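The values are calculated or read from the model by the stated rules, or taken from the named source; none is laboratory data. These numbers were taken from a predicted model, which means no experiment stands behind them. Cβ atoms come from the backbone with ideal geometry, glycine included; neighbour counts cover every protein chain shown. The accessibility values were calculated without ligands, DNA or RNA, using every heavy atom of the protein model including side chains. Shrake-Rupley method; radii C 1.70, N 1.55, O 1.52, S 1.80 Å.
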Amino acid sequence: MEDKELNEYSERLASLRKDGVNLISSLRQENAAAKRNKLLSAEAREKIIADNNAKIEQAKAVAEKNKAEIAETVKAAVARNNQISKAEIAKVNAEQNEVIAKLKTDYAAEIAKIDSDTLSRKKGIVASYAGKTSQKDNEDCKEDLRVAEYEHKSALFDAKNKFNSAVDAAKAVKNQAYVDYVQKNRSLRNGKTNFREDMVLSFQNYVNKFKMSKFLLDNGLYIAILVFFIVCIVLAPLSGAGNLLSLPNIFTILEQSSVRMFYALGVAGLILLAGTDLSVGRMVAMGAVITGLILHPGQNIVTFFGAGPWDFTALPTIVRLGLALVLSIVLCVVFSAFAGVFSAKLKIHPFISTLATQLIIYGLLFFGTSGTPVGSIDADVKDMIGGRWVIGALNGELITFPKLIIPAIIAIFVAWFIWNKTTFGKNMYAVGGNAEAASVSGISVFWVTMGVFIMAGIFYGCGAFLEAFKANASAGTGQGYELDAIAACVVGGISFNGGIGKISGAVIGVIIFTSLTYCLTFLGIDTNLQFVFKGLIIIAAVALDSVKYLKRK
C-alpha cells in the first residue's frame, strides 16, 4: 500500500533522525562490537570508543534540536497511516470474508459430491455381485466395499485438509493487513510500540489461529476443574459449611500451597527432562527432622543412630536457623545428586534411581530415629518464619497474612529466572526435548541432568526446612508428597514426554491441587474419597498430554 503523503512523512523522519537518534544507536552498536572484538588491541579499542563517544555527544545535540519536529511529524504520520490503513484493513477483511464464504460453499458441495460418488460406487459394487453366491464372491464384494469406504474417508480427509488450509490462508491475509499497519506505525515511531495496538494485534492473532478442538484439548481439564470449583462455591453455603470464597480461606489455601510449591518446582525440572522423582517425600522427612532437631526448644528426646539427644538452644537463633536450612539443603542435594549420577551417567531412568534413593532415606530415617517424632520447634522461631501478620478485621473476622507465602514467591521467581533467563534453562528444554540432538549441538547432557537433580535437591531442602514449621516432624513426614508434586506439574502442563512446560504451569498445578483438597475437606467429603477425585484429574491430565504429544508427532 503506497501513499504519497505517508512516504513524504517517512522520508522527512529519516532525514531528521539520520544525524541524531539513528546515529546514536549506530555508534553505540559499534562500541559494543569493539568491546567484544578480541582482535583489537586495548589502545585501538579505546580510541574507537572515544571517537564514537565524541560523535554521540554531537548526535545528541542534533537529536535534541530535532526532537520537537520529530514528535510533530510522527503524530501527523501515524494519524495519516491510521486513516488509510483503516480503509485498507476493512477492504482486505471484506475480500477475505467473501473468499472464506465461497470456500465453505465449495467445501460443502465437494463433500456432497464425494458422498454421492461413493454411494453410487457402492451400489455398483453390490450390483456387480448380484446373483453371485459363492463364498469367494461374497468376500470379494465385502473387500471392494471396504476399499470404497476407505477411499471415501481418505477423500473426505483430503478435502477437509484442503479446506482448512485455504481458510487459514485467508485468515492469514486478514491478519497480515493489521500486522503491516502496526509495523508501519512502529517504524514511524522509530521502533516504539503502542500498548493498544499490541493488544489488538495479539487478539487478532488469537482469533485468526483459534481452533475449538485445540482450545478444548489445551484447556478442557482447566475448564472442568473451574466448573468443579464453581459447584463447590455454590454448594458450600447451601450445605451449611459457610462461604468458601472468603479471604481467610483463600489465604489458607495459599499457605498450604506455599511449602508444596518448593517440591513441585524441584520435580518440575526432572519431568522437563522426561523423568520423575519418587524420593521427594523422604527428602521432606529428612530435612524436616533435621530442622526439628536443631530448632526444638530444650533437649531433644530423639537420638540418631544412638547419638544424642542434643540441645541447640545455646546457639543464637539466627545461627540455629542457618544451620538447619543449610543442613537440610546439603543433605537433600547429596541424595538427589546420588540419584542423578546413576541417571546421568548410566542412563538409569529417574523412576528407578529416585525409588532407590527413597528407600535408602526411608530406612536410614526410621532406623536412625526409631520413628520417634522430634516434637515441635521453638514457638518464637515458628512464629518468626511460619506465623502470620495481622492485617485487620473484615466483617468482624480477623484477617491474617501467612508468612510462608513470601519464601514461596521468592522460590517461584528464582525458578522462573533459571528456566527462562539462563543458558542452563535453555539447555534443560533442549535436553528434555531431544537429548541426542542436544549432545550433538555441544550441550553436556550429563551436567545438565546433574544440574537439574542438584537444583531439585535445593528446592526440596528449602521446602523441608519450612515443612517443620507446619507440624511435628518424623520419619513419616511428607508421605505421598512426591505424588502430589508430580501430579501438580502434569496438571500444570509440564509434559512427561519432555521439553515442554512452564514454571507458571507448576505453580497453577500446585494451587489447583491444594484448592481441590481444601474444597473437598471444607464440604466434609471423606478423606479417602478425595483420592478418587485426585486420581481422575491425574489420569485426565496425562491422557490429554499423551493426545497432544501424538498430535505433534
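Given (1) surrounded by 13 or more Cβ atoms within 10 Å (Cβ to Cβ); (2) within 23 Å of the chain's Cα centre (by Cα), identify the lone condition not met by I223.
Every condition holds for I223 apart from (1).
I'd like to check something: does the range 37-51 contain any residue that is in contact (Cβ under 8 Å) with a residue 12 or more places away in the chain, open to solvent by 50 Å² or more (accessible area, probe 1.4 Å), in a helix (DSSP H, G or I) and among the basic types (K, R)?
No - not one qualifying residue is present in the range 37-51.
For the range 261-283, check the following and say yes or no: at least one residue is at positive phi and without any contact (Cβ under 8 Å) to a residue 24 or more places away in the chain.
Among the residues of the range 261-283, not one is at positive phi and without any contact (Cβ under 8 Å) to a residue 24 or more places away in the chain, which makes the answer no.
Identify all residues within the range 355-386 that are closer than 17 Å to T317 by Cβ and buried (at least 16 other Cβ atoms within 10 Å of the Cβ); write none if there are none.
Listed by number, the residues that qualify are S376, I377, D378, V381, K382, I385, G386.
Just checking, does the range 133-145 include any residue being open to solvent by 70 Å² or more (accessible area, probe 1.4 Å), outside any helix (DSSP H, G or I) and not aliphatic (A, V, I, L, M)? Steps first, answer last, please.
To start, the set of residues in the range 133-145 that are open to solvent by 70 Å² or more (accessible area, probe 1.4 Å) comprises 133, 135-136, 138-139, 142-143.
Narrowing further to those that are outside any helix (DSSP H, G or I): 133.
Then drop every residue that is not not aliphatic (A, V, I, L, M), which leaves 133.
Yes, there is a match, as at least one residue in the range 133-145 is open to solvent by 70 Å² or more (accessible area, probe 1.4 Å), outside any helix (DSSP H, G or I) and not aliphatic (A, V, I, L, M).
Among the numbered conditions (1) under 32 Å from the mean Cα position of the chain (by Cα); (2) more than 20 Å from A415 (Cβ to Cβ); (3) not in a loop (DSSP other than H, G, I, E, B), tell me where L321 comes up short.
Among (1) under 32 Å from the mean Cα position of the chain (by Cα); (2) more than 20 Å from A415 (Cβ to Cβ); (3) not in a loop (DSSP other than H, G, I, E, B), L321 violates only (1).
Looking at the range 387-413, which of its residues are part of a helix (DSSP H, G or I) and over 14 Å from R260 (Cα atoms)?
Correct list: F413 only.
Take the residues in the range 392-416 that are small (G, A, S) and out of contact with any strand residue (DSSP E or B) (no Cβ under 8 Å at 6 or more places or on another chain); name whichever of them is surrounded by the fewest Cβ atoms within 10 Å (Cβ to Cβ).
G396
Taking into account only those residues within the range 146-194 that are among the small types (G, A, S), farther than 30 Å from Y9 by Cβ and within 33 Å of the chain's Cα centre (by Cα), which is surrounded by the most Cβ atoms within 10 Å (Cβ to Cβ)?
Quick first cut of the range 146-194, residues among the small types (G, A, S) only: 148, 154-155, 159, 165-166, 169-170, 172, 177, 187, 191.
Those left that are additionally farther than 30 Å from Y9 by Cβ: 148, 154-155, 159, 165-166, 169-170.
Then drop every residue that is not within 33 Å of the chain's Cα centre (by Cα), which leaves 165-166, 169-170.
Values: S165: 11, A166: 17, A169: 13, A170: 21.
By that ranking, first place goes to A170.
Only residues that are charged (D, E, K, R) and open to solvent by less than 10 Å² (accessible area, probe 1.4 Å): list them for the range 258-281, please.
Hit for the range 258-281 is D277, nothing else.
Can you tell me which of G493, G509, G535, G505 is open to solvent by 30 Å² or more (accessible area, probe 1.4 Å), within 14 Å of the chain's Cα centre (by Cα) and within 19 Å of A224 (Cα to Cα)? Give the derivation first.
On the way: G509 fails: open to solvent by 30 Å² or more (accessible area, probe 1.4 Å); G535 fails: within 14 Å of the chain's Cα centre (by Cα); G505 fails: open to solvent by 30 Å² or more (accessible area, probe 1.4 Å).
Residue meeting the stated conditions: G493.
Of these, A543, A471, which one is part of a loop (DSSP other than H, G, I, E, B) and without any contact (Cβ under 8 Å) to a residue 40 or more places away in the chain? Reasoning before the result, please.
Values: A543 fails: part of a loop (DSSP other than H, G, I, E, B).
Going through A543, A471 in turn, just one is part of a loop (DSSP other than H, G, I, E, B) and without any contact (Cβ under 8 Å) to a residue 40 or more places away in the chain: A471.
Free of Cβ contacts under 8 Å to residues at least 24 places away in the same chain, open to solvent by less than 60 Å² (accessible area, probe 1.4 Å) and assigned to a helix (DSSP H, G or I) - does that describe any residue in the range 199-218?
Yes, some residue in the range 199-218 is free of Cβ contacts under 8 Å to residues at least 24 places away in the same chain, open to solvent by less than 60 Å² (accessible area, probe 1.4 Å) and assigned to a helix (DSSP H, G or I).
Out of A324, A337, A344, A288, report the one residue that is at negative phi and surrounded by fewer than 19 Cβ atoms within 10 Å (Cβ to Cβ).
Values: A324 fails: surrounded by fewer than 19 Cβ atoms within 10 Å (Cβ to Cβ); A344 fails: surrounded by fewer than 19 Cβ atoms within 10 Å (Cβ to Cβ); A288 fails: surrounded by fewer than 19 Cβ atoms within 10 Å (Cβ to Cβ).
That would be A337, the only listed residue that is at negative phi and surrounded by fewer than 19 Cβ atoms within 10 Å (Cβ to Cβ).
Quick check on this structure: which one of A127, A170, A177, A166 is more than 30 Å from N7 (Cα to Cα), touching a helix residue (DSSP H, G or I) at 6+ places or on another chain (Cβ under 7 Å), in a helix (DSSP H, G or I) and at pLDDT 85 or above? Working first, answer last.
Numbers: A127 fails: touching a helix residue (DSSP H, G or I) at 6+ places or on another chain (Cβ under 7 Å); A170 fails: more than 30 Å from N7 (Cα to Cα); A177 fails: more than 30 Å from N7 (Cα to Cα).
Going through A127, A170, A177, A166 in turn, just one is more than 30 Å from N7 (Cα to Cα), touching a helix residue (DSSP H, G or I) at 6+ places or on another chain (Cβ under 7 Å), in a helix (DSSP H, G or I) and at pLDDT 85 or above: A166.
Restricting to the range 417-446, give me the number of residues that are part of a helix (DSSP H, G or I) and open to solvent by 30 Å² or more (accessible area, probe 1.4 Å). Talk me through it step by step, then tell me what you get.
Quick first cut of the range 417-446, residues part of a helix (DSSP H, G or I) only: 417-421, 423-433, 435-440, 445-446.
Of the ones still in play, those that are also open to solvent by 30 Å² or more (accessible area, probe 1.4 Å) are 417-418, 420-421, 423-424, 426-427, 429-430, 433, 435-437, 439-440, 446.
Here the count works out to 17.
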